[in-house]
1. Find, to one decimal place in angstroms, the Kirkwood hydrodynamic radius of the chain, where the mean of 1/r is taken over every pair of different Cα atoms and then inverted.
2. Treat every Asp and Glu Cβ in region 84-136 as -1 and every Lys and Arg Cβ as +1, leave all other atoms uncharged, and give the resulting dipole magnitude about the Cα centre to the nearest 20 debye.
3. Which one of Val190, Gly207, Val163 is farthest out on the positive end of the charge dipole of region 95-217, using unit charges on Cβ (Lys, Arg +1; Asp, Glu -1) and the Cα centre as origin?
4. Arranged from highest to lowest average of other beta-carbon atoms within 10 Å per residue, in what order do the peptides 335-348, 185-198 appear?
5. How much length would be gained if the chain were fully extended between Arg73 and Ala222, taking 0.36 nm per residue of separation minus their Cα-Cα distance, in nm to one decimal?
6. Please list, in chain and number order, the residues 5+ apart from Cys204 or on another chain whose amide H is under 5 Å from its amide H, with Hs placed from the backbone.
7. Could you calculate the FRET efficiency of Glu331 with Val163 from 1/(1 + (r/R0)^6), where r is the beta carbon distance between them and R0 is 30 Å, rounded to 0.05?
8. Taking the Cα centre of region 225-374 as origin, work out the dipole magnitude from +1 charges on Lys and Arg Cβ and -1 charges on Asp and Glu Cβ, in debye rounded to 20.
Amino acid sequence: MAIDPDDPRTWPASARELYRRRERATVGNPHLARLLCERIAREGPIPFAEFMRLALYHPTHGYYATAPAPFSREGDFLTSPETHPAFGALVCRWLAGLWEEQGCPRRFDLVEVGAGRGTLASQILATAAERFPGLHTSLRYTLVEHHSRPPAEQTHAPRLRWVHDLEVLGPVRGCILSNELLDALPVHRVQMTPQGLREVYVGCRDGELVDVLDVPSTPALAAHLAWVGAALPVGAQGEIGLEAVAWYRRAARCLAEGALLTIDYGHRAPELYSPQRPCGTLLCYYRHTANEEPYRRLGTQDITAHVDFTALERAGEAEGLRTRCYTTQQEWLRSLGIADYLAGAPPETRDDLLALVDPERLGRLKVLLQQRGP
Ligand SMILES: C[S@@+](CC[C@H](N)C(=O)[O-])C[C@H]1O[C@@H](n2cnc3c(N)ncnc32)[C@H](O)[C@@H]1O
């Protein structure tokens with residue numbers, strides 16, 4: 001067959017494979033694209049939150065179901081535990097203090113939600129075994145993860161269990177923690193117009209996904225902005241994480257005694273919805289590069305939005321928790337003694353260690369600690 005430069009079907013197999021990979025990198029997963037366009041054709045434009053849920057969490061085509069190792073050096077972004085093991089060691093040091101504050105109970109529940117591939121759990125358990133044997137003996141570690149499977153070495157690890165949903169847990173006495181979970185939950189997008197608040201829906205035009213503005217799909221969006229005291233200026237866009245707040249309330253209810261520790265990208269509401277952020281905070285990550293194009297690379301790139309910490313704090317307080325601390329990861333890790341690790345760090349790992357506290361990198365993550373009981 002003669003080669004036609006405009007028709008990939010006539011190309012040699014190696015060239016077709018290159019073309020297929022390049023297409024997948026820009027358009028994304030064609031099955032997901034078709035599924036979205038068919039749904040929009042049937043039902044009309046869908047709220048951005050619904051689009052984000054499908055793009056990230058569709059059980060067969062979503063990013064977290066298909067990406068081989070999203071949070072890794074070979075993947076799309078790095079989280080703190082994937083950057084340097086000192087992160088888990090320092091979280092363990094903090095947990096040991098909490099366990100002592102609680103009177104060194106014989107059983108201490110640790111629930112990590114959105115545990116990824118279990119790296120933080122491995123770091124915490126290794127540090128506890130080596131340095132905090134009392135805590136180690138008391139620990140009952142549960143990892144809650146929707147999508148990943150436990151690594152082989154963790155499948156039968158004593159004191160460790162993997163579950164798929166927070167709901168299956170009984171009352172937790174100890175700590176519920178999450179690292180970069182909430183910024184990966186679906187958000188609604190809104191825009192203030194001279195006619196009032198409008199929601200960004202996802203429509204399909206000539207086979208391409210596009211933003212469509214319409215009246216909000218739920219009064220909860222305007223109610224959320226009023227609740228956190230945010231006034232979006234006309235023309236400004238923002239995201240509203242109703243799902244993050246609902247998750248946080250559920251987690252708070254599960255906590256019978258102890259701490260709810262949340263580490264994530266975000267701000268308090270006045271900063272999140274300030275005129276300095278007229279376009280909101282939605283960002284996508286592909287191969288360690290950020291972009292603002294959620295409709296490209298469908299199902300093959302991560303999509304995130306900053307967390308509203310005012311909303312979380314208030315949700316926790318409404319569930320009876322008291323706020324103990326809200327700070328940056330930089331400050332938190334310093335207070336836990338990251339300097340001890342920096343002093344002895346070999347030159348080849350020093351940059352990764354510094355990334356944990358660098359205010360331009362992971363050091364800008366926020367830490368919210370709320371507590372129930374003494
Ligand atoms: C950005 S990753 C962070 C992974 C890990 N915490 C880390 O720091 O490396 C977010 C993880 O949360 C999981 N996830 C999302 N929603 C969840 C939910 N409602 N319950 C449990 N896990 C969830 C995703 O599957 C994904 O593995």
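Readers should treat all values here as calculations from the given coordinates under stated rules, not as data from a laboratory. What you see is a predicted model; the values in this text were computed from it and never measured. Cβ coordinates were reconstructed from backbone atoms using ideal geometry, including for glycine residues, and neighbour counts include every protein chain displayed.
1. Mean inverse Cα-Cα distance, inverted, gives 22.2 Å.
2. Result for region 84-136 is approximately 100 debye, rounded to the nearest 20.
3. Going by the charge dipole, the pick is Val163.
4. 185-198, 335-348
5. Gain on stretching Arg73 to Ala222: 49.7 nm.
6. Val210
7. Calculated transfer efficiency: 0.40.
8. Around 340 debye, computed over region 225-374.
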